[in-house]
Amino acid sequence: MSELPSIYDPKAVELPVFESWLEGRYFEAGTAEGVRPYSVVIPPPNVTGSLHMGHALNNTIQDVIVRRQRMLGRPTRWVVGTDHAGIATQNKVEQKLAAENKTRHDIGREAFIEACWEWRREHGSTIISQLKAMGCSCDYSDEWFTMGPSYQKAVRKVFVDWFESGLIYRGNRIINWCPRCATALSDIEVEHADLPGHLWHIRYPLKKPVGGIDHLVVATTRPETMLGDTCVAVHPDDERYKDIVGATVALPLLGREIPVVADEYVDPSFGTGAVKVTPAHDPNDFEIGERHGCEKINIMNADATITEAGGAYMGLERYEARTRVIADLDAAGLLVKVDEHSHAVGHCYRCHTVIEPWLSDQWFVDMKPLAAPAIEAVRDGRVAFHPKRWENVYFHWMENIHDWCISRQLWWGHRIPVYYCDACGSTVASVDGIEVCSDCGSAVRQDEDVLDTWFSSQLWPFAVFGWPERDERLDYFYPTAVLSTARDILFLWVARMVMSGMRFIGGQVPFDDVIIHPTVFNAEGKRMSKSLGTGVDPLDLMEDYGADGMRFGLMLQVTGNQDIRFSEEKLLSSRNFANKIWNASRFVLMNLEGHEPGEAVPTTVVDHWIFSRLAKLADRVGKGLDAYEFGEAARDLYDFFWSEFCDWYIELSKARLASDDPVERLAVQRNLVFVLDRALRLLHPMMPFVTEEIWRKLPRTCADAPPSLMVAAWPEASMLASFLDEEAERSVSRLIEVITGIRAVRARYKLSPRQELHIEIKTGSEAESGWVRGEFGTLAALAGISGFGVATDTAKPPHSATVIAAGMEIYVPLEGLVDFEVEEKRLAKERDKLAASLSQLEKKLSNEGFLAKAAPAIVAKDRAKASEIAGSLALLEGQLAELA
RNA sequence: GGGCGAUUAACUCAGCGGGAGAGUGCCACCUUCACACGGUGGAAGCCACUGGUUCAAAUCCAGUAUCGCCCACCA
């Protein structure tokens, strides 16, 4: 055993252990009679992606859950795969083409799509191999892709179903247009940022003065859109403009004549109360234009340059056009004033280009009918969010849901399965595709657009079980148990999965629980982002701290309500923790004399204590993980293993391991192995590698002896409940108090740990004296005591330091070493502290309200505490009196 | 304009009705035969502020301040 290195080396362990898991096929779920399966689908990372901190956190969370469920004996399946990521992938491939001075149009649609597949073959496995490096126990034997053959079929089936039931329709509307990506986006793919801008006040002359008014002043943040103005609107009740409603305005620069209309939408208190209306370039203006039958003039091309409708401005880029329009207005004396004005500007969530509201023909989904049952499912608890407050966010969005623009003017993606017959004008949607019109037999053409990537993502929880084809798998594994994700895709993805899942899989929700995990920020509180250079690469972290160190360090930082300000120190202490586990195990293994299995039986009070602590730990960790409280569970594990098992139990075992009695030695060895074994099981979901490596070297402690810790039984609290022992816990905590007190004396006088001490103890009763005598071995080992006297009437030896602990007076004779001034100061300080807390308690105990209304157990506890403090205080006073 | 979260030791954060906790950092001692990625001991906090509820408030409620997120078509 001693060949184990004294420092845990993750690099030497992780790969072989992972390969052994793959070889053992533990990641693949079996089926078991009468046991409910447990399934989780991974939020599919983009094929273009590489692992970032959000992935590291989210996938650790899922792996912890999944590994524990597997240990609980359920057929457990964690489905893995990637998302084809329409825009992101298309951008990558276009960049590659750009390097060869080509555009996608140069090579054509078919070749471009082939280039995307090629790109995926080359780069698509990156993120999967990174998940493996983390130790994620996904089923890699069945990897999914949102553009795979059966997945394509699922997408088309969903489209056709919605199309035929009227939920999908085509409309000419204002959508969000990204001029760089040259595609429409849905509302939630637009990110708004408040940016400083200007409010330009522009004079619009009336064609003929009315009632002495010869012009209007309109205010706008986007002056270039005036090229497309087709009316000016004022509020119907606005006295200022009452007379000019119906008048005609000569649009500056272009000279086009447009009417003044009255519309309720206008807020008379904002700006001048007169609004220029550009129906083709603003959603509100569109509505106003519709109400008043105004023309919709499109002044922008797909690349945001001005169209011929912009007259002299034709061909200018949009901001250049803005500059020119302003300059020309100013020159014409029509620019009244310019105010500073900050306002929300929409940006493309993929490339951050400023979005242009643009009028175009697109496909939409009518969401309200889909949202209703999905709202109900959360309302009645079939789907539960953790933390719960996210449910309100979900409700708010779902109850105000807008129609979803699903068409994208891209090439990479699921092509819209709609076929047009130009001959007879029929439009049909088809799952399998058609070539000729069923009505007239002419050749048909397919819609050119593809679907929003999120349209396919929403099918993930059932498409990955083979829907619409392989129904047995779906029946077995759907619905999934839990979905863990970041909050920024709550609407983009989570809500839509609930809606589509319920629609297509017999009203069943896709998952019972949704975990919205914290967002990882950097130390400065900035969002971790590669483009901002504020990110940390999880691969670097694993290099420095090992996969287990990174995982556990992340788990320590997970809390229910707070985002994570990423702390690398937590990873450092986690790496050290892995090393602690390694060395504690090494110690246990070194001290075994043979590997014969045997039942662990607690015999000494210290045994009972650690077994009781273990039982409580299993209870807390189990409950914590059930409630998705990862930070709590991690801290409990850390404290138990380090502070209780290592610092006390192992230390207290050393003397017994050196015993002459082989029976005694064997008993301790078995107990050490037992506690270590159970602790490793509890730690395994969070730290899979180090625990597995060690566990395989341990003698088996129970009849079922699987070859891997991954599939060993999870220690359930009920299995350990018989070990609970409050008496032992009380006894050992007193012992710890005594030992700590003596050690403090040693530290105070800077005594060498080697210097053995003889102490005298004055107890309060014979029973207490007996207890102390019984624990002499322990004291000797951990406080460096070579001998002691104990009695109820012990006199304080001269030149000794005093410790009051566990209600006893402990004298440590230190010939010539005691600094009485130091002693007095210390004792006085301790007395003051005790006196303060005693008076606080006494005040409380003399309060009749407290005695009458507080729970009896609390009153009893406080009484006991008060008398204990009073006892210690009396002892301290006595000591101080002697010193004085 | 709505909504949500946070404010606890130098730093990062737990605790969320009954005696202020952890990790890191800091100080002192220790190269003791599992571990210096270690051990032992220690210093360090009017739990943001102001009110309220309660026998009892870091913990519940209201308000204030500061910071941070969402959502929203006000030109």
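The values are calculated or read from the model by the stated rules, or taken from the named source; none is laboratory data. Worth saying up front: this structure is predicted, and the values here are computed from it rather than measured. A quick note on method: Cβ atoms are made from the backbone with ideal geometry, for glycine too, and the neighbour counts reach across all protein chains shown. Keep in mind that these areas ignore ligands, DNA and RNA; they rest on the heavy atoms of the full protein, side chains included. Shrake-Rupley method; radii C 1.70, N 1.55, O 1.52, S 1.80 Å.
Per-structure values
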read-out	value
Test: residue in the stretch A:217-239 that is open to solvent by 10 Å² or more (accessible area, probe 1.4 Å), away from RNA strand B (no atom under 11 Å from the Cβ), among the charged types (D, E, K, R) and part of a strand (DSSP E or B)	no
Filter result for the condition that a residue is of a type in the set (Asp, Glu) and without any contact (Cβ under 8 Å) to a residue 40 or more places away in the chain, over A:513, A:548, A:488	A:488
Residue A:7 being at pLDDT 90 or above, within 16 Å of RNA strand B (Cβ to nearest atom) and not in a helix (DSSP H, G or I)	yes
Matching residues, the stretch A:361-388, being within 16 Å of RNA strand B (Cβ to nearest atom) and in contact (Cβ under 8 Å) with a residue 24 or more places away in the chain	A:364, A:365, A:367, A:368, A:371, A:375, A:378, A:385, A:386, A:387
Selection from the stretch A:345-372 of residues that are under 27 Å from residue A:94 (Cβ atoms) and hydrophobic (A, V, I, L, M, F, W, C)	A:345, A:348, A:351, A:354, A:355, A:358, A:359, A:363, A:364
Residue match in the stretch A:473-494 (condition: surrounded by 23 or more Cβ atoms within 10 Å (Cβ to Cβ), away from RNA strand B (no atom under 16 Å from the Cβ), among the small types (Gly, Ala, Ser) and over 30 Å from residue A:558 (Cα atoms))	no
Every pair of residues 6+ apart whose Cβ atoms lie under 8 Å, when the first sits in the stretch A:827-838 and is within 20 Å of residue A:810 (Cα to Cα) and more than 9 Å from RNA strand B (Cβ to nearest atom) while the second is among the charged types (D, E, K, R) and open to solvent by 60 Å² or more (accessible area, probe 1.4 Å)	A:831/A:877
Residue within the stretch A:623-637 that is farther than 28 Å from residue A:482 by Cα and either charged (D, E, K, R) or more than 16 Å from RNA strand B (Cβ to nearest atom) (or both) present	no
Selection count, the stretch A:152-183, where residues are more than 13 Å from residue A:365 (Cα to Cα), in a strand (DSSP E or B) and away from RNA strand B (no atom under 16 Å from the Cβ)	3
Residue among A:827, A:782 that alone is closer than 30 Å to residue A:655 by Cβ and in a helix (DSSP H, G or I)	A:782
Residue within the stretch A:77-85 that is under 27 Å from the mean Cα position of the chain (by Cα), aromatic (Phe, Trp, Tyr) and not in a loop (DSSP other than H, G, I, E, B) present	yes
Residues (touching a Leu at 6+ places or on another chain (Cβ under 6 Å), of a type in the set (Gly, Ala, Ser) and away from RNA strand B (no atom under 11 Å from the Cβ)) located in the stretch A:240-281	A:247, A:280
Residue A:714, sole failed condition from (1) within 53 Å of the chain's Cα centre (by Cα); (2) within 16 Å of RNA strand B (Cβ to nearest atom)	(2)
Criterion violated by residue A:51 - all others in (1) open to solvent by less than 30 Å² (accessible area, probe 1.4 Å); (2) at pLDDT 90 or above satisfied	(2)
Residue tally, condition over 20 Å from residue A:219 (Cα atoms), open to solvent by 20 Å² or more (accessible area, probe 1.4 Å) and not in a loop (DSSP other than H, G, I, E, B), over the stretch A:285-302	3
Check on residue A:132, away from RNA strand B (no atom under 16 Å from the Cβ), open to solvent by 10 Å² or more (accessible area, probe 1.4 Å) and either in a loop (DSSP other than H, G, I, E, B) or in contact with a helix residue (DSSP H, G or I) (Cβ under 8 Å, 6 or more places away or on another chain) (or both)	yes
Candidate set from the stretch A:656-710 (those that are modelled with pLDDT of 90 or more and among the polar types (S, T, N, Q)); member that is nearest to residue A:20 (Cα to Cα)	A:708
Residue pairs meeting the criteria (Cβ under 7 Å; at least 6 apart or on separate chains; first within 14 Å of residue A:371 (Cα to Cα) and within 10 Å of RNA strand B (Cβ to nearest atom), in the stretch A:390-406; second open to solvent by 30 Å² or more (accessible area, probe 1.4 Å) and modelled with pLDDT of 90 or more)	A:397/A:491; A:401/A:368; A:402/A:187
Candidates A:585, A:567, filtered to the one that is surrounded by fewer than 19 Cβ atoms within 10 Å (Cβ to Cβ) and within 9 Å of RNA strand B (Cβ to nearest atom)	A:567
Subset of the stretch A:1-34 (residues that are open to solvent by less than 50 Å² (accessible area, probe 1.4 Å) and more than 12 Å from residue A:693 (Cβ to Cβ))	A:24, A:26, A:27, A:29, A:30, A:32
Lone unmet requirement of (1) surrounded by 14 or more Cβ atoms within 10 Å (Cβ to Cβ); (2) farther than 19 Å from residue A:204 by Cα for residue A:340	(1)
Count - residues of the stretch A:785-817 that are surrounded by 17 or more Cβ atoms within 10 Å (Cβ to Cβ) and either hydroxyl-bearing (Ser, Thr, Tyr) or free of Cβ contacts under 8 Å to residues at least 40 places away in the same chain (or both)	6
Index of the failed condition, residue A:58 passing every other in (1) outside any strand (DSSP E or B); (2) closer than 15 Å to residue A:485 by Cα; (3) touching a Leu at 6+ places or on another chain (Cβ under 9 Å); (4) open to solvent by less than 20 Å² (accessible area, probe 1.4 Å)	(3)
Flag for residue A:575 being within 20 Å of residue A:689 (Cβ to Cβ), open to solvent by 10 Å² or more (accessible area, probe 1.4 Å) and part of a helix (DSSP H, G or I)	yes
Residue check, residue A:633 part of a helix (DSSP H, G or I) and either acidic (Asp, Glu) or open to solvent by 20 Å² or more (accessible area, probe 1.4 Å) (or both)	no
